[in-house]
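A short write-up of the structure that comes next.
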Amino acid sequence: MSRAYDQLRFRRTITRDGLEVDLMLNAGLLVDLPQLDQAGADGIGLFRTEFQFMVSDFMPRLNQQTELYRKAIMAAGDRPVTFRTLDLGGDKILPYIDPVPEENPAMGWRAIRIGLDRPGLMRYQLRALVAAGAGRHLRVMFPMVTTVEEMVDARALFDREIERAKKLGQELPSKVEVGVMLETPALAWQINAVCDVADFVSVGANDLMQFFFAADRDNARVADRYDPLSPAALSILSYIAEGCRINDTPVSVCGEIAGRPLEAACLVALGFDTLSMPVTGIGPVKSALMAIDASELRELILPNIKVTTRLPSLRGLVRDYCLET
Ligand code: PEP
Ligand code: MG
């Protein structure tokens, strides 16, 4: 963390109107873990488990998976760690498995789709997670879920591993939460149903925006064509936050936008009180959030995200607000 934000490290993130926000770290490898304390993060909001698989020359064994997850849990101490099950396919390729050629890999056979079609690998990983969580709080979430049924099926695989551990007399996690990543617009329109079957929702804004705007996040020509502070983007984000609030389901954002100060300010104003981001985002986001009045900013944003607005983006409005506070 840069020296400029060093003094904020031990301070809670509280907006001027008293809203507490949790700033979490995005991580995936052992080398990321010291960043928890360096940045003063409130936990790990997204542990990308596929990184271990991507940097290895072979499929990590059960005990190697368990060991990494256990180390992450221990490094976080009392702070929560949210493990995302394997998000393979799309941009995430394993060196030791030939990729299936696809026209549109981002929209192809990836993440939970592979996990459910080839449950052996996912069950193995869930087994490692259950073992790593022995006696501790275990949080697991599934990526690229598009239908409620997929979440129900994935959750059933997880429950089966808990049952298996019970039968074998293994120590179980002291608390378990199973969540869903909301990364496709289709799932947003099922928010009530998905809240029924998930303990928490984590918005994967990188993918959600890519699919919402039909703009490939890995194609430099189009990746910046849309603005996450446009009325359309803020409308869907607001819809998700409101849906989760009504259902009393905890909701967070873990895409890159959570780590940018203006975007983070908007997210908090819309009702997201947990943001997970790369380590470099924590200081600047904390500093920005401590300067805003979330309800004041909300009043500014909401009328402008109605479909009738003519503003192409609220970026200028939000920037002016943040600079004046
Ligand atoms: C996302 O899509 O926002 C996300 C956090 O997952 P990833 O970037 O790993 O696809
Ligand atoms: Mg994603």
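Yes/no per residue for (1) more than 26 Å from the chain's Cα centre (by Cα); (2) more than 15 Å from residue 13 (Cβ to Cβ):
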| residue | (1), (2) |
| --- | --- |
| 285 | no, no |
| 290 | no, no |
| 294 | no, no |
| 305 | no, yes |
| 314 | no, yes |
| 320 | yes, yes |
| 324 | yes, yes |
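Scanning region 159-196 for residues that are of a type in the set (Gly, Ala, Ser), assigned to a helix (DSSP H, G or I) and within 16 Å of ligand 1 (Cβ to nearest atom) turns up 186, 188.
The one condition from (1) farther than 30 Å from residue 74 by Cβ; (2) crowded, with 17+ Cβ neighbours inside 10 Å that residue 142 does not meet is (1).
Yes/no matrix, rows are residues, columns are (1) under 19 Å from the mean Cα position of the chain (by Cα); (2) away from ligand 2 (no atom under 16 Å from the Cβ); (3) within 19 Å of residue 46 (Cα to Cα):
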| residue | (1), (2), (3) |
| --- | --- |
| 114 | no, no, no |
| 150 | yes, no, no |
| 159 | no, yes, no |
| 171 | no, yes, no |
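On the basis of being at pLDDT 95 or above and within 16 Å of ligand 1 (Cβ to nearest atom), does residue 209 make the cut? Against the criterion (at pLDDT 95 or above and within 16 Å of ligand 1 (Cβ to nearest atom)), residue 209 qualifies. Considering region 183-193, and only residues there that are more than 16 Å from ligand 2 (Cβ to nearest atom) and in contact (Cβ under 8 Å) with a residue 24 or more places away in the chain, the residue that is farthest from residue 108 (Cα to Cα) turns out to be 192. Annotation note: of 225, 155, the sole residue that is over 21 Å from the mean Cα position of the chain (by Cα) and more than 16 Å from ligand 2 (Cβ to nearest atom) is 225.
Scanning region 42-53 for residues that are of a type in the set (A, V, I, L, M, F, W, C), farther than 17 Å from residue 124 by Cα and out of contact with any helix residue (DSSP H, G or I) (no Cβ under 7 Å at 6 or more places or on another chain) yields a single hit, 46. The set of residues in region 195-208 that are farther than 20 Å from residue 80 by Cβ and within 16 Å of ligand 2 (Cβ to nearest atom) comprises 206, 207, 208. Taking region 218-246 as the range and being in contact with a strand residue (DSSP E or B) (Cβ under 9 Å, 6 or more places away or on another chain) and either under 13 Å from residue 205 (Cβ atoms) or not charged (D, E, K, R) (or both) as the test, the residues that pass are 237, 240, 241, 243, 244. Here residue 91 meets the list (1) in contact with a Pro (Cβ under 9 Å, 6 or more places away or on another chain); (2) away from ligand 1 (no atom under 16 Å from the Cβ); (3) within 20 Å of residue 27 (Cβ to Cβ) almost entirely, failing just condition (2).
If you go through region 18-32 and keep only what is aliphatic (A, V, I, L, M) and either crowded, with 20+ Cβ neighbours inside 10 Å or out of contact with any helix residue (DSSP H, G or I) (no Cβ under 7 Å at 6 or more places or on another chain) (or both), you end up with 21, 23, 24, 25, 27, 31. The residues on offer are 123, 127, 136, and the sole one that is touching a residue at least 40 places away in the same chain (Cβ under 8 Å), of a type in the set (D, E, K, R), under 16 Å from residue 50 (Cα atoms) and in contact with a helix residue (DSSP H, G or I) (Cβ under 8 Å, 6 or more places away or on another chain) is 127.
Could we say that residue 49 is at pLDDT 95 or above and over 15 Å from the mean Cα position of the chain (by Cα) here?
no
The values are calculated or read from the model by the stated rules, or taken from the named source; none is laboratory data. Please read all numbers here as calculations on a predicted model, not as lab measurements. Every residue, glycine among them, receives a Cβ derived from its backbone with ideal geometry; neighbour counts consider all protein chains shown.
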